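Note sheet for the following structure.
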Amino acid sequence: MPKIESVDHLTEYRRQIRAQRDPKQQQVLVCSGPGCLPLGSTEVAQAFQEEMQAKGLQGKVILKSTGCHGLCAHGVRVLLRPQEIAYEKVTPEDVPEVVETSLIGGKVVERLVYQDPVSGQTAVHKSEVPFYQGQKPLVLRKLDEIDPESLDDYLVVGGYRTMRKVLFKMSPEEVIDAVERSGLRGRGGAGFLTGRKWRLCRQVPGEMKFVICNGDEGDPGAFMDRAVMEGDPHAIIEGMIVGGYAIGAHQGYIYVRHEYPLAVKRLTQAVAQAREFGLLGNNILRSGFDFDIKISQGSGAFVCGEETALIASIEGNIGEPMPRPPYPAQKGLFGMPTVINNVETWANVPEIINMGAEWFAALGTEKSKGTKVFSLVGAVNHTGLVEVPMGTTLRQIIFELGGGIPGGREFKAVQTGGPSGGCIPKQFLDLPVDYDSLQEVGSIMGSGGMIVMDTTSCMVDVARYFISFLFEESCGKCTPCREGLRQLLNILNDITSGEGKEEHISLMEEICTTMASASLCGLGQSAANPVLTTLKYFRAEYEAHIRDKKCPALVCRPLLTYTIDPEACTACLACVRECPVGAISGPKKEAQRIDQDICIKCGRCHDVCQFEAIKVE
Amino acid sequence: MMDVERLETILTQYEGYPQDLIPILQDIQDQYHYLPKDELKVVAQRLNVPLTKVYSVATFYKMFSLVPKGRHELRVCLGTTCHLKGGQRLLESVSSHLGIEPGYTTADMQFSLETVGCLGSCAQAPVMMVDDKYYARMTIDKVTKVLKLYKE
Ligand SMILES: Cc1cc2nc3c(=O)[nH]c(=O)nc-3n(C[C@H](O)[C@H](O)[C@H](O)COP(=O)(O)O)c2cc1C
Ligand code: SF4
Ligand code: SF4
Ligand code: SF4
Ligand code: FES
Ligand code: FES
C-alpha cells in the first residue's frame, strides 16, 4: 500500500482501485460474523477457496469473508453478488454444488434459499427476504459488502471521504453544528446528545484533549458493537478522526473488551493500515491536523463500560467509577477534557457528515433521530442483527423482521437495555422504540440488546439472573449498590427456591428505591429496573412462587418435580448416565424411575432424554 | 525459577509508564496463563508502582489469575440469552464431567473452567468456548463429545 501524501493523491488512488474493479464481476461473500463464525464459516470459506481453485475460477470470482449479514439464525450465510442471491445454512458439503450450479451454471440452488416457515414461500434474493424488508441499514450497510481487513474495500465504497471533507472544507465549529443538528444521541446507554457533548468538550480549555471509543459492550445478550468492530473497523476510525478534529484532540483510544479477540485483531490491523497509508499520524494528508489512535483492551469487568471507570482502566487503575460532575468532557482521561462515545455512535458520524445533518434528522422520531441497531435474540425465529429507523414498533421488529416466536409458543416479554433495562410485556408491543418511549414503560434503550422471551421463561428467574449478574459485577465502592444487590439477591434466591414470604415484595421495592437514589454510578442507579419492571408487569408470577410455591413457567428447579413417563421411556439409559447423584434406576430394558428422595432437581435428565419421557411439574 | 528473558521480551514493548501496567499484565496472562509472583515484583519495580497496586489491579479484573491455569481454558457463557437457553445446566454438566467447580483447574492441569458474561454470539445460544474455538447451540449430550476432543 502506498503512503498517501495529499488529498489529490487520495483521489487518484481511489480512482485507480475503482478502475481496477468490475462491478459485474462475480463475488462470493461468506459471512464470518459473530453468529456464523461458531457455525463454521471459516470452513465454508475454505471449501469455496479449494473448490474454486479446482474448477479454475480463481481470479475470475472474488471470494471474501465479511462481517455479519444480519440473519444469524440461518447461518452460515453466503451472498452472491451482483445477483444478490442469499444462501442460508451453508455447510462445506454444500459448496461444490453452489460452485457448479451458481458460479459456473448461473442458476440458483433452490434448497439453500430462504423459506418462509409458515407459507413455505421461498425468497432467492436478499431484498425479498422479509427479515431485510423494513430495515434501514446505515451502520450495518457495508457489513455484507466489504472485506473488513481491506482498506481498499473501504475506500471503494467511499470511505475516508468524510474525513477529507472535514479536514479541508469544514471548521471544527461546523462539524459540531452538523452533529448537533442531526440530533444524534449516544448509542451506548444514556442517549446523551452527541453534538452537545462535543461542544462542551471543545469549549473547555485543556492543553490536551482525547477522544475515546467505548467498545466494552458488556451488556449480556448484545453483540451489535462486536459486529461493527469486526465488520467495519475503518468506519469507527474515520468517525473518531472527525470527532478529534472537532474537539481539538490529537489522540484517540479504542477500548475493546478482551472477550472479543477478533475485534481486537481487526481494529489493531485497521489502525496500523490507516497509519501506514497516511490517514493517521502527523499532518494527515498535509491538512496540518495530527491524530493517532491506540487500542486498549478491557480485562473482564462489566463496570468498565461506565465511562469514568473505563477512563480509570486506561490509566492503569482498577475500574472504579468516579462521581460526576466533573464529566469526562470537562475532566477525563489523564485529567484532560475527553469525549467518550459508543462504537455505534462513532460509526454513525461519517455518514451524517457525508449525507448531511438534515438527511439524518429526517429519519426516526422527534427526539430520537436516525436508526438503531438491535441484537435480536432469545425466543424469536430470526435471531440476528437488525437496524431500523427509531420509532419502529416492537411488534414490527419481533414479528415482522424477527419472524415471531418459535414452536408456536406465545410471546411473553422483551428485555431491552441489558442489566439496566427492563422487561416489557405484551400490552406494549405497539410501542415505538425510541429513547423516551422505552423509558416511559420502565426500561431503557441501552446499547441495543433485545432479548425476546416466551412462556418458557420465568420472570422471577430473569430478575434473579440480572441481580446476580450485577452483584458479581458491582465494584463494591459504594454501600447502597453493594449491600442492596446482596439483599435483593438473597430475597430472589429465597423466592425462586420456595422460601419466599409475602413481605419480600415490599422489602424489595424499598431496597430498589434506595439503590436508585443513593448509588454512585449508573450500575447501581439502574440495577433495580429488572426487578421493578417484572414486579410491575408480572406480579402474579411472584405471587405464584411465594404463595403457591409454584413456578408457572417450570424454570425454578427447586419448585419442580421430575418424573419418568413409563409409557414414553425406551430404557435408553441416557438419563441414568447423566444423573449426577444416581437418582435414576430400574430393571434392564424397562422404564426407569426417579427416586425423589435422592433427586437434586438439576434437570439434566430432562435435557438428555431424546424421547420426552421426563415430565416436569 | 523466573525466565528473565521471557519477561523482558514483554517489558521492552512498553515505555514503562504506570498506565502500561494493565497491558503488561494482559501480555503476561496471555503467555503464562497466570500472573507469577516473581514476575509481578519486577513489573512493579520497573513501572515504579507499589506492589500493592499491582495486586489490587490483578485481583480486580476477572481475566487475571494468580494461580496457574490448565492447558485448555473452557468458558461457558452465562449471558442473558445463554441463561434463558439453559447455560446454567450446560455449566453444571461440564463442571461435573470435569469434576471441578467454575473458577478451578483439574488436578492434571488439563482444563480450567470459567464462566463469562457474554461471548457475543448470542444468536447461537447457548455458547461455550474452548481456548479460541466457539461451540454454538450447545446441548448437554454434546458435552462429552466436545471434551473428548481435548483430552489426551
Ligand atoms: C455500568 C455501566 C456499563 C456501561 N457499559 C457500556 C458499554 O459497554 N458500552 C457503552 O458504549 N457504554 C456503556 N455505558 C455507558 C457509558 O458510561 C457512556 O455513557 C457511553 O459510553 C457514552 O457514549 P454515547 O454517548 O455514545 O452513548 C455503561 C454505563 C454504565 C453505568
Ligand atoms: S453504584 Fe455499584 S458499581 Fe457503581 S460505584 Fe457504586 S458500587 Fe461501584
Ligand atoms: S433418557 Fe428418557 S428414554 Fe432414556 S431411559 Fe431416561 S427417561 Fe427413559
Ligand atoms: S433432575 Fe437431576 S438429580 Fe434429579 S433425576 Fe434428573 S438428573 Fe438426576
Ligand atoms: S454472523 Fe452471519 S448473519 Fe450474523
Ligand atoms: S449471552 Fe451467551 S453469547 Fe451472548
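Mind checking which residues of the stretch B:128-149 are hydroxyl-bearing (S, T, Y) and either in contact with a strand residue (DSSP E or B) (Cβ under 7 Å, 6 or more places away or on another chain) or farther than 12 Å from B:G86 by Cβ (or both)?
Passing the criteria: B:Y134, B:Y135, B:T144.
Taking the stretch A:340-359 only, how many residues are more than 22 Å from the chain's Cα centre (by Cα) and buried (at least 24 other Cβ atoms within 10 Å of the Cβ)?
1
I need the full set of residues from the stretch A:1-43 which are in contact with a helix residue (DSSP H, G or I) (Cβ under 7 Å, 6 or more places away or on another chain), assigned to a helix (DSSP H, G or I) and in contact (Cβ under 8 Å) with a residue 60 or more places away in the chain, in order please.
Passing the criteria: A:V7, A:L10, A:R14, A:I17, A:R18.
Given the conditions (1) touching a Lys or Arg at 6+ places or on another chain (Cβ under 7 Å); (2) open to solvent by 20 Å² or more (accessible area, probe 1.4 Å); (3) under 28 Å from A:V414 (Cβ atoms); (4) within 14 Å of another protein chain (Cβ to nearest Cβ), report the number of the one that A:H606 does not fulfil.
(1)
Taking interchain pairs and intrachain pairs at least six residues apart, which have beta carbon atoms under 7 angstrom, with the first residue in the stretch A:272-300 and of a type in the set (S, T, Y) and the second open to solvent by 60 Å² or more (accessible area, probe 1.4 Å) and modelled with pLDDT of 95 or more?
What qualifies is A:S287/A:F168.
Exactly one of (1) under 17 Å from A:S32 (Cα atoms); (2) within 11 Å of another protein chain (Cβ to nearest Cβ) is unmet by A:R266. Its number?
It is condition (2) that A:R266 fails.
For the stretch A:315-339, which residues satisfy the criterion of being aliphatic (A, V, I, L, M) and open to solvent by less than 10 Å² (accessible area, probe 1.4 Å)?
Within the stretch A:315-339, A:A329, A:L333, A:V339 meet the criteria.
Please state which one of A:E510, A:E483, A:E472 is within 26 Å of A:V414 (Cα to Cα), surrounded by fewer than 16 Cβ atoms within 10 Å (Cβ to Cβ) and within 16 Å of ligand 2 (Cβ to nearest atom).
Criteria check complete, one pass: A:E472.
Scan the stretch A:559-568 and give yes if some residue there is within 16 Å of ligand 6 (Cβ to nearest atom) and either under 21 Å from B:T139 (Cβ atoms) or surrounded by 13 or more Cβ atoms within 10 Å (Cβ to Cβ) (or both), otherwise no.
no
Looking only at the stretch A:355-392, which residues are part of a loop (DSSP other than H, G, I, E, B) and of a type in the set (V, I, T)?
Of everything in the stretch A:355-392, those that are part of a loop (DSSP other than H, G, I, E, B) and of a type in the set (V, I, T) turn out to be A:T365, A:V380, A:T383, A:T392.
Out of (1) surrounded by fewer than 19 Cβ atoms within 10 Å (Cβ to Cβ); (2) within 14 Å of chain B (Cβ to nearest Cβ); (3) touching a helix residue (DSSP H, G or I) at 6+ places or on another chain (Cβ under 8 Å), what's the single condition that is false for A:M453?
Status for A:M453: all satisfied but (1).
Can you tell me which residue within the stretch A:577-603, out of those that are within 39 Å of the chain's Cα centre (by Cα) and open to solvent by 80 Å² or more (accessible area, probe 1.4 Å), is farthest from B:S96 (Cα to Cα)?
Once the filter is applied, the top-ranked residue is A:I600.
Restricting to the stretch B:118-133, what's the tally of residues that are more than 9 Å from ligand 6 (Cβ to nearest atom) and either part of a loop (DSSP other than H, G, I, E, B) or not assigned by TED's automatic domain parsing to the domain that holds B:G86 (or both)?
2
Test A:I405 against the criterion of being more than 16 Å from the chain's Cα centre (by Cα), away from ligand 2 (no atom under 16 Å from the Cβ) and within 14 Å of chain B (Cβ to nearest Cβ), and give yes or no.
yes
Need a quick list: helices (runs of 4 or more DSSP H) entirely within the stretch B:1-110 having at least 2 residues that are at the interface with chain A (Cβ under 9 Å from one of its Cβ atoms) and without any contact (Cβ under 8 Å) to a residue 60 or more places away in the chain.
B:21-32, B:51-60, B:80-84, B:87-98
Just the residues that are small (G, A, S) and within 13 Å of chain B (Cβ to nearest Cβ), please, taken from the stretch A:456-496.
Of everything in the stretch A:456-496, those that are small (G, A, S) and within 13 Å of chain B (Cβ to nearest Cβ) turn out to be A:S457, A:A463, A:S468, A:S474, A:G476.
For the stretch A:516-558, which positions are open to solvent by less than 20 Å² (accessible area, probe 1.4 Å), within 17 Å of A:S506 (Cα to Cα) and among the small types (G, A, S)?
Once the filter is applied, which keeps residues that are open to solvent by less than 20 Å² (accessible area, probe 1.4 Å), within 17 Å of A:S506 (Cα to Cα) and among the small types (G, A, S), the stretch A:516-558 yields A:A527, A:A528, A:A544.
The values are calculated or read from the model by the stated rules, or taken from the named source; none is laboratory data. On a predicted model such as this, the values are computed, not experimentally measured, just so you know. For neighbour counting, all protein chains shown are included, and Cβ atoms are generated from backbone atoms with ideal geometry for every residue, glycine included. Keep in mind that these areas ignore ligands, DNA and RNA; they rest on the heavy atoms of the full protein, side chains included. Shrake-Rupley method; radii C 1.70, N 1.55, O 1.52, S 1.80 Å.
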